[in-house]
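Take a look at the structure below.
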Amino acid sequence: MRTALITGITGQDGSYLAEFLLKKNYRVVGMVRRSSTENFERIEHLQDKIELRQADLLDQLSLITLLEDVRPQEIYNLAAQSFVPTSWEQPVLTAEFTALGVTRLLEAVKLVDRSIRFYQASSSEMFGKVRETPQNEKTPFYPRSPYGVAKVYGHFLTVNYRESYDLFACSGILFNHESPRRGKEFVSRKISYNVARIRLGLSNELKLGNLKAARDWGYAGDYVRAMWMMLQQEEPQDFVVGTGRAHTVQDLVEIAFDHVGLDWKKHVKLDPALVRPAEVDHLIADATRACTILKWKPEVDFEGLVRMMVDADLEYVRRETAASGKS
Ligand code: NAP
Ligand code: G4F
């Protein structure tokens, strides 16, 4: 039985990856940081199948001890401060988690066991003000937020440790991927959750920022498969992962409202406070290498994803309302 260690297991991707690896018969260990209240909503259903260990990307010794205790064959480094707007408000903390956290973890790998296979969660945000369209593994980076800058650091550090120390370290440059488990502050979930509330008569308005921004949105369940595939290759390599189709925020809004029979124009209000200091206007992946070398392909399309999220949020809001009525 192989052992995989997932940092960020309480997050969206961590929960899907844990499910995927359990099905592949892995021993799955999740790294969680200490908190005064537990935040295990996304992995509640897996609690008796996975092991959770405390450590923190900010604490070098905790990472070394973790690797010595767990002895993983594979590490998936998904932990990060991942919300772009917060990176302007807390740029130093974002760099500590999202950039230097990668150094701390790779140093622990170097010290404890150099045969560990390492996956780094890189991001299409690194392309930022895009230098070419679509974006592939060779497209130069031009990040537009402290988050994007931190991810570029983590990306190149992964490449550098591979080249300097011969580690099996890979970087997955993943385009936006969503699901019913997405945090409510990200635009897809903000829309699906609020569409559900409006449909159920609990509110009437949804405030958004830039409706013209375009992203290559896919389904998180499809993307965790690509992470695992990268670590099963003979040689460590970096891959772009995305659907090759881009849509605007307005497209997402239209499909979500349409799915519940509402006219979005009656409910969506533009809020200048939600417009970013520097925007990433248009991202679209050229995932040819992932499709040909990994044989990866997405199974859920954009329209299906948006409808899945709205349906899940109709159920979620009904449960939430019933629970608040009882308390
Ligand atoms: P997410 O839902 O925001 O999850 C982030 C995870 O990181 C959470 O489990 C969080 O733990 C953990 N974390 C944050 N700071 C930590 C620290 N100091 N020590 C230990 N754990 C810490 O993110 P996601 O959407 O699953 O994304 C996973 C990774 O892929 C992230 O690195 C993200 O930047 C990257 N990525 C995401 C996308 C996307 O579209 N989803 C695209 C490209 C790249 P708590 O629960 O304790 O907060
Ligand atoms: O959903 P978002 O917040 O995702 P963003 O900034 O693209 O970042 C996500 O994807 C990255 C991969 O490219 C990850 F690395 C990162 O960790 C994260 O998962 O915003 C998407 C777009 C932006 O252009 C934003 O300006 O939606 C636009 N938007 C318009 N109104 C909004 C809103 N975004 C949010 N969060 N909230 C709004 O009200």
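Structure values in brief
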{"quantity": "Protection-proxy order for peptides 304-313, 257-266, each taking the mean of Cβ atoms within 10 Å per residue, highest first", "calculated": "304-313, 257-266"}
{"quantity": "Residues with amide H under 5 Å from that of residue 213, placed H, sequence gap 5 or more", "calculated": "249"}
{"quantity": "Backbone N under 17 Å from the residue 299 label point (7 Å along Cα→Cβ), restricted to region 166-199", "calculated": "178-181"}
{"quantity": "Helical contribution to [θ] at 222 nm, DSSP H n ≥ 4, -39,500 (n - 2.57), averaged over the chain, rounded to 500", "calculated": "-12000 deg cm²/dmol"}
{"quantity": "Cα centroid separation - region 103-141 against region 260-327, whole Å", "calculated": "25 Å"}
{"quantity": "Kirkwood Rh (inverse of mean 1/r, distinct Cα pairs), region 148-189, angstrom", "calculated": "12.4 Å"}
{"quantity": "Gain on full stretching of the segment that runs from residue 271 to residue 1 - 0.36 nm per residue minus C-alpha separation", "calculated": "92.1 nm"}
{"quantity": "For region 78-86, 3J(HN,Hα) per residue [Karplus equation, 6.51 cos²θ - 1.76 cosθ + 1.60, θ = phi - 60°, Hz, x = Gly/Pro]", "calculated": "9, 5, 5, 7, 9, 9, 4, x, 4"}
{"quantity": "J(HN,Hα) series, region 145-153, from Karplus relation 6.51 cos²θ - 1.76 cosθ + 1.60, nearest Hz, glycine and proline x", "calculated": "8, x, 4, x, 5, 4, 5, 4, 4"}
{"quantity": "Angle in degrees between helix 220-231 and the longest Cα principal axis of the chain, rounded to the nearest 10", "calculated": "10 degrees"}
{"quantity": "Gain upon complete extension [residue 185, residue 311; 0.36 nm per residue less C-alpha separation]", "calculated": "43.5 nm"}
{"quantity": "In region 1-69, trypsin sites (Lys or Arg not before Pro) in a DSSP loop with at most 15 other beta-carbon atoms within 10 Å", "calculated": "2, 24, 34, 49"}
{"quantity": "Charge dipole of the chain about the Cα centre (unit charges at C-beta), most positive-ward option of 86, 193, 290", "calculated": "193"}
{"quantity": "Computed label-point distance, nm, for sites residue 110 and residue 51 using a 7 Å Cα→Cβ extension", "calculated": "2.7 nm"}
{"quantity": "Rounded to 10°, Cα long-axis angle of helix 302-326 versus longest principal axis of the chain", "calculated": "80 degrees"}
{"quantity": "Share antiparallel - DSSP beta bridges, the chain, percent rounded to 5", "calculated": "5 percent"}
{"quantity": "Region 1-103: GluC sites (Glu not before Pro) in DSSP loop, at most 11 other beta carbons within 10 Å", "calculated": "38"}
{"quantity": "Computed over the chain, the ratio Rg/Rh where both radii use C-alpha atoms and Rh is Kirkwood", "calculated": "0.96"}
{"quantity": "Degrees, to the nearest 10: 60-70 long Cα axis against longest axis of the chain", "calculated": "80 degrees"}
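Rule-based calculations on the coordinates, nothing more; no lab input. Being a predicted model, the structure only gives us computed values, none of them experimental. We place every Cβ from the backbone using ideal geometry, glycine too, and count neighbours over all the protein chains shown.
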